[in-house]
1. Across every pair of different alpha-carbon atoms, what Kirkwood hydrodynamic radius in Å does the range 159-198 reach?
2. Collect residues whose amide H, placed 1.01 Å from N in the peptide plane, falls under 5 Å from the amide H of Leu12; neighbours closer than 5 in sequence don't count.
3. What are the ³J(HN,Hα) values, in whole Hz, obtained from phi via the Karplus relation 6.51 cos²θ - 1.76 cosθ + 1.60 with θ = phi - 60°, for each residue of the range 171-187 in sequence order, with x given for Gly and Pro?
Amino acid sequence: MMKKPDLKVVLLGDMNVGKTSLLHRYMEKKFQDTVSTVGGAFYLKQWGPYNISIWDTAGREQFHGLGSMYCRSASAIIFTYDVCNVQSLMELEDRFLGLTDTASDDCIFAVVGNKVDLIDDYEAEREVDDEMPRKGSASKLRKQVHTEDAIALYKRIMKYRMVDEIHAPAADKMCFETSAKTGYNVDYLFESVFNMVIPLLVKKKANGPDETVNLAQNHHEKKTKSGCC
């Protein structure tokens, strides 16, 4: 019988940014070429005494409407883009940010640039990783999205969510660059997110049922009341 998850983590982003590959690399410790996700799929991760469901969502436009359903009551959302495709970063704000309205009020956000193995300066900056064979003649691409771009998006996410930056995790701590192909920073990404959300879960359980509220509804009402039109 499948264990009931204690909390939910959701990956959002355009198609072909590597969400499925990131999740597969973390859970299976290997890279494989994947096809586009249809709808959504998830893994269940045991983290200490807690069960965490990690959801991979489809980036295709025709499945966009399902995103808010997968984000419902999410404790963490990982926005994923391709460092070699600036449009994939723009899509996070234009198409995917609104889907987070159904997430928990105290939802943690991470902004992740994947595919750093494709850029010119990757070999000079990456950590040593001998797991994957390297192809010396592989052509490299120009990096289109830089860390400061991701940090700026993170700050806009906090503004959209009406979260004071003083009460949110620091932007530079929540923006990552990864390679699903080599494994660079993948474990660090997921484990950093888990270590952020577990204390929130512990706090909620300590507060007891009397403190439980409909977080998604509360967030929606807060946004509606603050609207100017």
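Computed from the coordinates by the stated procedures, all read-outs in this text should not be read as laboratory data. If you're wondering where the values come from, they're calculated on a predicted model, not measured in any experiment.
1. Kirkwood radius, the range 159-198: 11.6 Å.
2. Ile78, Phe79, Thr80
3. With coefficients 6.51, -1.76 and 1.60, one gets 4, 5, 8, 10, 10, 10, 10, 9, 9, 5, 5, 9, x, 4, 6, 5, 4 Hz.
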